[in-house]
């Protein structure tokens, strides 16, 4: 029996920034496998810019949790040949339930994460990135080009081209994923003394943090904004490389091909949220038996010592950065 032709595909991934950018290799793979298919994508409004200019998407649908029924009614006359739920939570299942078409869902390795976090039993040694796991759910294989973020023509930055800029992304949603601000300050001043200029990036939740750090680093430029993603990405492109926590902006830098030095605290690379498609270095404290203490991050260190970040000193990072920048 002939396989049904795939003409219309729907992808559901509502949040968050990093997770959405991690779907872009899958979008690209689906378009390569089904070049004539229209690909629709449902995403929360606040993350829409991550996909707004993606040429592989036919229709970007902005999700409003207060209008799920209205959205479902709007889809009632649309028959999809394939619905891919890469969120696989209550909201995405509720939405998909109203849609016509065969469905595939991302299976989260929840049990293996629990075993690693609580009992330090590691069944995630056969490392796969989240993009690879998304691809398995979608029934495609991804290439090695990495993530994508498309910038519109004409978007500008006040940064000068060809300068020795290094970007700092000191924020992250959870405390245990944030390298201490005093460490960023110390590293920033050491890099400034070596001829670099520090550029601070962050979203609206990072305003106080970026202001604090920026005031203490000589000559730094604070480009923190109210989650203007495309403007942030355009400015990032002028940096030699980015030093960042495990965060959405780490994946933003990956998506525009900027080299990355990533500092991991309570989380580990086995969870799959790593830079891809660009030159990168992950710095983490592998001497601790308490890591990882969470698969998403925590509001405080459960052991009270925060050694996963405190023992990654500014001096050690500076030495690693010197080696890293020579290899770019």
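We did not get these values from a lab; they are worked out from the coordinates using the rules stated. Bear in mind that the values here come from a model prediction, so they are computed numbers and not experimental data. Every residue, glycine as well, gets a Cβ built from its backbone with ideal geometry; the counts of neighbours run over all protein chains shown.
Among 271, 184, which comes first, then next, by fewest other beta-carbon atoms within 10 Å?
Final ranking by Cβ density, sparse to dense: 271, 184.
Cα axis of helix 181-193 to longest principal axis of the chain: angle in degrees, 0 to 90, nearest 10? Taking the Cα atoms of the chain, the angle to 181-193 is about 70 degrees.
Tell me, what is a quarter of the convex hull surface for the C-alpha atoms of segment 234-287, in nm² with one decimal? Over every viewing direction, the Cα hull of segment 234-287 projects on average to 3.6 nm².
The C-alpha atoms of the chain define a longest principal axis, and helix 207-216 lies at about 30 degrees to it. Eigenvalues of the alpha-carbon gyration tensor of segment 51-194, scaled by 5 and square-rooted, set the equivalent ellipsoid semi-axes at 36, 26, 17 angstrom, largest first. Compared with the dominant Cα axis of the chain, that is its longest principal axis, helix 314-326 is turned about 70°. When both bridge partners sit in segment 8-138, DSSP labels roughly 0% of those beta bridges antiparallel. Segment 286-318 and segment 129-167 have Cα centres lying 28 Å from one another. In whole percents, the pair-distance distribution calculated for segment 167-298 from its alpha-carbon pairs, binned every 10 Å from zero, is 13, 46, 35, 6, 0. Taking all Cα-Cα distances within segment 45-132, those exceeding 20 Å account for 52%. The smallest convex shape that holds all Cα atoms of segment 162-225, its convex hull, gives 74 Å³ per residue. For segment 125-193, the Kirkwood estimate of the hydrodynamic radius, built from every pair of different alpha carbons, is 16.7 Å. Rg/Rh for segment 1-69 (Cα atoms only, Rh after Kirkwood) is 1.01. Normalised by 2.2 N^0.38 Å, where N is the number of residues, the C-alpha radius of gyration of segment 241-328 stands at 1.09. The convex hull drawn around the Cα atoms of the chain, when projected onto a plane and averaged over every direction, covers 18.2 nm². Result for the chain in a Gaussian network model with C-alpha springs under 10 Å: among 14, 147, 209, the largest mean-square fluctuation is at 209. Considering only 20, 166, 114, the mean-square fluctuation computed in a Gaussian network model of the chain, springs between alpha carbons under 10 angstrom, is largest for 114.
Residue order for 294, 316, fewest other beta carbons within 10 angstrom first, comes to 316, 294. Comparing 115, 223, 149 in a Gaussian network model of the chain where C-alpha atoms under 10 Å apart are linked, the largest mean-square fluctuation is found at 115.
Exposure proxy for 308, 290, 169: other Cβ atoms within 10 Å of each Cβ, ordered fewest to most, give 290, 308, 169.
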